[in-house]
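Below: the structure, in structure tokens.
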Amino acid sequence: MASPPAGSNDIAGKTMKPGMATIRVLAEIQLERGQPLTTDDLQAIPIFEGIPLAQLARLPGSVVRRQFKAGEVICREGEYGSTAFYMLDGQVEVSLQSPLAHVASRKAEAKRGGFFGLLRDFTHRLASGKDDPRPQAANDQRYIPIDGSVDLPMNKPIATMAAGDLFGEMTCLNFNPRSATVKALSDCTTLEMLRNVLQVLQKNPKFKQKLERNYRDRALGQHLRSVPILAGLEDKFIDQLRERVELVSYEPGKVICKQDEPADAFYLIRVGCVKVSQEHPGGELVLAYLSRGEFFGEMGLLQGGKRNATVSALDHVELVRIRMADFRFMLSWYDDLKEKFEQVYEQRSRSMQRAQQVASRIPLNDFLSQGLMQAQSLLLLDLERCTRCDECVRACADSHDGVTRLVREGLRFDKFLVATSCRSCLDPVCMIGCPVGSIRRKENLEVVIEDWCIGCEKCVQQCPYGNIAIHEFPAKAGAAPEVGAGEESAEAPAAEVKKAAMEKKAVTCDLCTDLREPSCVYACPHDAAHRVDAKRFFETGLAKKSQASPT
């Protein structure tokens, strides 16, 4: 089998989620490109110092030395891989390819006017990022989290990494898609390694100490300020925290803090995704999924009491742990910080109360079997009224630049068709594992996909109901990534260069939250389409009535 172009980490150009067999083949192809290292070679590399010789003897074949010329692409965003890279020398550029390009195209379309041009002023293909409360810093800068030691500024998503930096950790440990494109700025040397090598290194005190030192010195300040509440932290205060914070890690399934335990720390997520849940008589209720740049633990500290939820690791997770005493010191240092945390506390309390109200209702067997129990905003079509005219589908497409979020197919329940459209699930598994943190849920239940989506299809694969799709959008002129000194390289096949004018992005129903009611419901001439809270709708017996009332 012919090897793919050097620097390309996908199989035959595909970005679909690989199975374990594919991952093994992918790993073999990737490591074939580098210089195999013997046990003696590994012993001579400082980061392997202190690892027993017998353990090193099992590593050759799982780690190679790779050299890249200036301008050469090391890995590309959206591709699946199974390796991590450790920089030995040189510099690399980390970037997102043509981010936000489709936004300019959308604005140009809206300027064309007309009724649906007006609609486009109120609806959107992807979230603009303006209302995103997460990645804003003191200078109104916004950051995109990636699988590396740096975050990328939204207005110019480019950063550099150098000797001693590690990237591709989440791809290696959790087989997530690559979150960014990495290109050599100068001739550089890296170690490319498989999961078993990275896990050995993470247990090596010298390697761990080096990475933590790099993080504390070069990344901690930016990471703290990327959280909106902490955006105003000054250098002198961060210097106070730099050596006091704990850097902790958890493997998949491990509990980080448990409901009803004493609250003793505040946590900021560096790497990975966590699940926040509560135990109820009917079972576990998932409250949220949180990823890099988000935080938890403040509610118990503000209450001065116990944890009100359990937080557990969904994959390999690394956290910044700020002890209670330092958290309280931070609140005393900044007069407005406590008020800001209390606002978050109130917002999360409201969301928690809504979830508890749903959990208190008696589950229905049919709902459980069809997965409807999780639906907080379900699109139902009354088949006794529906004439299959497809006005709902056309209205959805017209209000979203021709890209419909609605398919008039799906499950049947009683006389209703459960259309294929976002359900705003209580347990939104679509949010798990996004490599750049571009999918989230707003307080009004709307699931939004941010402008910086890289089209890797992770959320598409995660949604169990097929309610997220990938579409191509025009990129801005000149937004295609450079591939060298004006020449086509082995890392960018001709077909890829020709298609650079289009970008793949994930799209999902936005519930038309800026309109009085969803376009699909408004356009139905037979009053057959309704957006409902599924459980409330059926439990109150409305399913048996010929006239349904939307919630």
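The values are calculated or read from the model by the stated rules, or taken from the named source; none is laboratory data. Just so it is clear, the model here is predicted, and its values are computed rather than measured. No Cβ is skipped: glycine too gets one built from the backbone with ideal geometry, and neighbour counts run over all protein chains shown. What goes into the accessible areas is simple: the full protein's heavy atoms, side chains included, and nothing from ligands, DNA or RNA. Shrake-Rupley method; radii C 1.70, N 1.55, O 1.52, S 1.80 Å.
When the range 409-466 is filtered for residues that are among the hydrophobic types (A, V, I, L, M, F, W, C) and free of Cβ contacts under 8 Å to residues at least 12 places away in the same chain, nothing remains. Kindly evaluate GLY232 against the criterion of being over 18 Å from the mean Cα position of the chain (by Cα), in contact (Cβ under 8 Å) with a residue 12 or more places away in the chain and either closer than 30 Å to GLU339 by Cα or surrounded by 23 or more Cβ atoms within 10 Å (Cβ to Cβ) (or both). Judged against the criteria, GLY232 is a match. If the condition is being in contact with a Ser or Thr (Cβ under 6 Å, 6 or more places away or on another chain), among the β-branched types (Val, Ile, Thr) and within 18 Å of VAL317 (Cα to Cα), then the range 142-173 contributes only ILE146.
Yes or no: ALA162 modelled with pLDDT of 85 or more and open to solvent by 10 Å² or more (accessible area, probe 1.4 Å)? Yes: the conditions hold for ALA162. Does GLY304 qualify as being surrounded by fewer than 16 Cβ atoms within 10 Å (Cβ to Cβ) and at pLDDT below 90? In short, yes.
The residue of the range 165-190 that is farthest from GLN67 (Cα to Cα), among those that are open to solvent by 10 Å² or more (accessible area, probe 1.4 Å) and in a helix (DSSP H, G or I), is ASN174.
What do you reckon, is SER226 touching a residue at least 60 places away in the same chain (Cβ under 8 Å), within 30 Å of GLY300 (Cα to Cα), open to solvent by 50 Å² or more (accessible area, probe 1.4 Å) and of a type in the set (Ser, Thr, Tyr)? When the stated conditions are applied, SER226 does not pass them. If you check LEU241 against the conditions, is it in contact (Cβ under 8 Å) with a residue 60 or more places away in the chain and over 20 Å from ASP151 (Cβ atoms)? Criteria not met by LEU241. Among the residues of the range 36-80, those that are assigned to a loop (DSSP other than H, G, I, E, B), open to solvent by 20 Å² or more (accessible area, probe 1.4 Å), more than 30 Å from GLU503 (Cα to Cα) and in contact with a Lys or Arg (Cβ under 8 Å, 6 or more places away or on another chain) comprise GLU49, GLY50. Every test in (1) open to solvent by 20 Å² or more (accessible area, probe 1.4 Å); (2) touching a helix residue (DSSP H, G or I) at 6+ places or on another chain (Cβ under 6 Å); (3) of a type in the set (D, E, K, R); (4) at pLDDT 90 or above is passed by LYS338 save one, and that test is (4).
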